[in-house]
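The values are calculated or read from the model by the stated rules, or taken from the named source; none is laboratory data. None of these values were measured; they are calculated from a predicted model. No Cβ is skipped: glycine too gets one built from the backbone with ideal geometry, and neighbour counts run over all protein chains shown.
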Amino acid sequence: MNRPILALLLAVPVLVAQPARSVAGEWAGAIQLPSAELKIAVSLAGDGSTWSGRISIPAQGAKDLPLGEVQVTGESVSFAMVGIPGDPRFKGVLGKDGRIEGQFSQGGQAFPFTLARGSAPAKIEAGAPQRDPKDRDLGFSGFNAVPLKGSVRAGGAHPYFAVMVAGSGLTDRDWSNPLIPVPSHGGRDLAAWFQAQGIGSLRYDKRFIGSKDPKLDISLDAQVGDIRAAMKAARLLPEAKGKKLLLVGHSEGALLSLLVGGEADAALLLAMPGSSMGKVILAQVKGQLDAAKAPAEVSALNLAYLESALEAIRKNQDLPQAAAGVAPGVVNLARVLTRPESRGFVRDLLDLDPWATAQRLPVPCAMVWGDRDIQTWKPEVMPADFKGTVIEIQAANHLFKRETRAKAGLSAPEAMSTYGDTTALADLSPLAAWLQGLK
């Protein structure tokens, strides 16, 4: 099961030629990101005809994730984290010094990596992520009885209780994601902030977190149904007794929350895409091309190809052939978006107008953005007839952590360096004021 903004890792052994020197065994090293060194450990196994592998990433709490497309030909070594957004791949060469050196690529970005013989220099803990002792675990049934897991945090005197919906991809209840190169639990941090405002909360893992079912229903109906199930479960909690329900969606989760926001008593939409998914995807890619100072003709070529891929999704057609000069990262993005198992979900969200949907909400609603967010941002022109509250948090990134650098020219890897646990939340006083006004 794969989808553009979520995926499970699959081990895909590949038949290859006998290598001149064996690369089987344990390797340890790092990917050199612009703002940090991301340590990795890789285990490769093969008998000269069939190869497989696993990777561990200590900073992300990932242990022994299966690799796919493992290929060893002569001195060349390559493997992929199949299904992860941005199509992460390693391509390297076994040098005379016994080290594997090459490039790690993901989402159009490329960074050097090096591996040397040996196990990981740091201990990698297996198992579930550490839970905050202030949380209690909860299990409940989602859409079509799919079991879901969540965490409940008690509140105080505030009249509302929050249900928190995470953003896109392999983002769990704590809003951790394997693509973030530093330990990051932004959702858990916001739950603690809500608690300080007197608001308890339920946050939950999306249905595909930890699932190995290739036939799992990940449709729009299923994911929206899970939100309804979470709200139903929240209303039965002792921590929510006598409380009204505040639906809190983040990023893609805000878009999904829009569709059921009227069934809560109030809606808080954090870092919501300011336009349809299709327009946001084009804007994000254009921003990356601009940050890379791509010539105008190169940008036009890449954006035109991406637009044609989006049109193919709308018409349920095959992906168009990319012309020479289209960046591999853009081609990979198009392939991920058009995967058959997730195509329906993408098509259903691709042209959803968030503002038209928000206008139909019959409950108090606030939309909040960070002014340094490079993933989703406040529209330059707001619809004149929007009746909700619009808040822009100063010096805040996509996870509402403090970001002091200028937004212009900030690359995705640079931006993610402040998504981590060591970065404090931005000043959320404007949001606190809105919450205090909820009756």
Filter segment 327-376 for residues that are over 30 Å from LEU425 (Cβ atoms) and of a type in the set (Val, Ile, Thr); which is modelled with the lowest pLDDT?
VAL336
Read through the list (1) modelled with pLDDT of 80 or more; (2) closer than 30 Å to MET277 by Cα, then give the number of the only condition that ILE40 fails.
(2)
Just wondering, is there one or more residues in segment 50-67 that are modelled with pLDDT under 90, surrounded by fewer than 21 Cβ atoms within 10 Å (Cβ to Cβ), in contact with a Pro (Cβ under 9 Å, 6 or more places away or on another chain) and closer than 30 Å to LEU306 by Cα?
no
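This table checks each residue for (1) closer than 28 Å to GLN106 by Cα; (2) in contact (Cβ under 8 Å) with a residue 40 or more places away in the chain.
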position: TRP377; (1), (2): yes, yes
position: ARG405; (1), (2): yes, no
position: ALA412; (1), (2): yes, yes
position: ALA433; (1), (2): no, no
position: GLN436; (1), (2): no, yes
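A quick yes/no check of all residues on (1) part of a helix (DSSP H, G or I); (2) surrounded by 14 or more Cβ atoms within 10 Å (Cβ to Cβ); (3) touching a Ser or Thr at 6+ places or on another chain (Cβ under 8 Å); (4) at positive phi:
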site	(1), (2), (3), (4)
LYS279	yes, yes, no, no
ASP290	yes, no, yes, no
SER299	yes, yes, no, no
TYR305	yes, yes, no, no
SER308	yes, yes, no, no
ALA312	yes, yes, yes, no
LEU319	no, yes, yes, no
Count, please, the residues in segment 89-123 that happen to be at pLDDT below 80 and either assigned to a strand (DSSP E or B) or under 22 Å from the mean Cα position of the chain (by Cα) (or both).
6
At least 1 residues that are in contact with a Pro (Cβ under 7 Å, 6 or more places away or on another chain), under 27 Å from MET277 (Cα atoms) and in contact (Cβ under 8 Å) with a residue 24 or more places away in the chain in each: list the helices (runs of 4 or more DSSP H) lying fully within segment 174-262 that qualify.
252-258
Taking the condition closer than 25 Å to ALA433 by Cβ, crowded, with 16+ Cβ neighbours inside 10 Å and among the acidic types (Asp, Glu), does ASP205 pass?
no
Restricting the search to segment 167-202, which residues are under 26 Å from GLY262 (Cα atoms), among the polar types (S, T, N, Q) and buried (at least 20 other Cβ atoms within 10 Å of the Cβ)?
SER168, THR171, SER201
